[in-house]
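The structure under discussion appears below in the form of structure tokens.
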Amino acid sequence: MSYLDFYGLQIEPFSNAPNERFYYNSAQHARALTRIMYVAETMKGLAVVVGDIGTGKTTLARKVLDSLPSEAYESALLVILHSEISQEWLLRRIAQQLGIENPATEKLQIIGQLYRKLLHLHEMGKKAVVLIDEAQMLKTRELMEEFRGLLNLEVTAHKLITFIFFGLPEMEDTLSLDPPLLQRVAMKIRLSTLTDEATKAYVVHRMAIAGNRESVFTDGALKLIYNFSDGFPRKINILCDNALFQGFLMRQRVIDEAIVKEMAADLGFDARIGAHAGIPSMDIPASWTPGEMKAEDGIPAGVLEQTQQNQPAPEVPAELPREQPGVLDDQISSDDLDLKLEEFFEDTFKES
């Protein structure tokens, strides 16, 4: 038995691998998605999304990519894995992402191919949007100048391509290497961390998507998860995953404060109570589709009404009934955990 079976889960609820199914529409991600879609629809040219490690930039980038309908957009996501790249490499990758099968090797020829491709897309009524993740890895002025050159490809009153940069705050320093490009940034979006209420809603949301709608984490445990993670989604995922595995080893159906504290200590997470002001929780209505804007304020239809109602985050359901709070009758003492871990490995990895 794995911890998935033990807690009635179909898939891992707290994997840090990007997964569209687990996308959580916090208030800041809802606003960011709306603003990015506006930039794409109106072909503003360049938008920038910055945030610290673990604030959900990659998840948001993939959500944007999935939200751009293929019949109206030629869109692509390019992830920059290292900083030692050439101008030709960058142009060739962008060309490939936009459907050019055999990009040339010389820069001027590639730009010519791109221009013809973008004109063709424009004539078809499609918009070219390229998302650049880990954009802080583009560390040279020469690379920034290439983006500026591509943004100059346009027809009367219309740009032919739009770029959305996702990266760490240091990306702003890279953009500053080419002041003319910096002046072309049409929109800048900053991602922050979650509040305690949004953290609670985030955990409950991911557990429900994975298949468990019961109260597995106590209110006290959820409060500690926020304190130890400082509201960073990535740290929330790591801490919750470890807590569920520890609860499984202890045969404890409900994750309490003691388990969270132990796992946080093992992970080296320090509690920073009240150390930051995060972003409150707010869900976009499931019926909303990109492009449904309020003309007066540019936010999705349905979100304005929910914001005005100022509804609190959903309450965590009451704990599961049990004779001993938080445990099963066969609760395992901490002294037996090493033995239980050995049994787990034997059951899980033994040869068939």
Keeping every protein chain present and rolling a 1.4 Å probe, give me the accessible area per residue for segment 63-221 in Å². 45
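Using the structure shown, list the pairs from LYS200/LYS261; LYS63/LYS139; LYS200/LYS235; LYS57/LYS223 with a Cα-Cα distance above 18 Å, or answer none.
Values: LYS200/LYS261 16 Å; LYS63/LYS139 26 Å; LYS200/LYS235 14 Å; LYS57/LYS223 24 Å.
Table pairs above 18 Å Cα-Cα are LYS63/LYS139; LYS57/LYS223.
Expressed as a whole percentage, what fraction of the accessible surface of segment 1-148 belongs to carbon and sulfur atoms when a 1.4 Å probe is rolled over the protein heavy atoms? Display every interim value, and only then the final one.
Values: 3050 of 6620 Å².
Roughly 46 percent, rounded to a whole number.
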With N set to the number of residues, divide the alpha-carbon radius of gyration of segment 1-68 by 2.2 N^0.38 Å and report two decimals. 1.40
How far apart, in nm, are the 7 Å Cα→Cβ label points at ASN19 and THR140? 3.9
Using only the heavy atoms of the protein chains and a 1.4 Å probe, how would ASP230, ASP266 rank by accessible area, largest first? ASP266, ASP230
The long-range amide H neighbours of TYR73, using H built 1.01 Å from N in the peptide plane and a cut-off of under 5 Å, are LYS127
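Hull surface divided by four, with the convex hull built on the Cα atoms of segment 166-206: how many nm²? Please list the in-between numbers first.
Values: hull surface 16.1 nm².
In nm², the orientation-averaged hull projection of segment 166-206 is 4.0.
When N counts the residues of segment 98-215, how does its alpha-carbon radius of gyration compare numerically with 2.2 N^0.38 Å, as a ratio?
Values: Rg = 19.6 Å, N = 118, 2.2 N^0.38 = 13.5 Å.
Its radius of gyration relative to the 2.2 N^0.38 Å reference: 1.45.
Do you know the relative contact order of segment 148-283, to the nearest whole percent, from alpha carbon pairs under 8 angstrom that are 6+ apart?
Working: 129 pairs, mean separation 36.4, N = 136.
Computed value for segment 148-283: 27 percent relative contact order.
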Highest to lowest packing among 21-34, 56-69, 231-244, scored as the average C-beta count within 10 Å: 231-244, 21-34, 56-69
Along principal axes, Cα extents of segment 146-234, largest first, whole Å: 57, 27, 17
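The values are calculated or read from the model by the stated rules, or taken from the named source; none is laboratory data. Being a predicted model, the structure only gives us computed values, none of them experimental. When we count neighbours, we look across all protein chains shown, and the Cβ atoms used for this are built from the backbone with ideal geometry, even at glycine. With ligands, DNA and RNA removed, areas are computed over all heavy atoms of the protein, side chains included. Shrake-Rupley method; radii C 1.70, N 1.55, O 1.52, S 1.80 Å.
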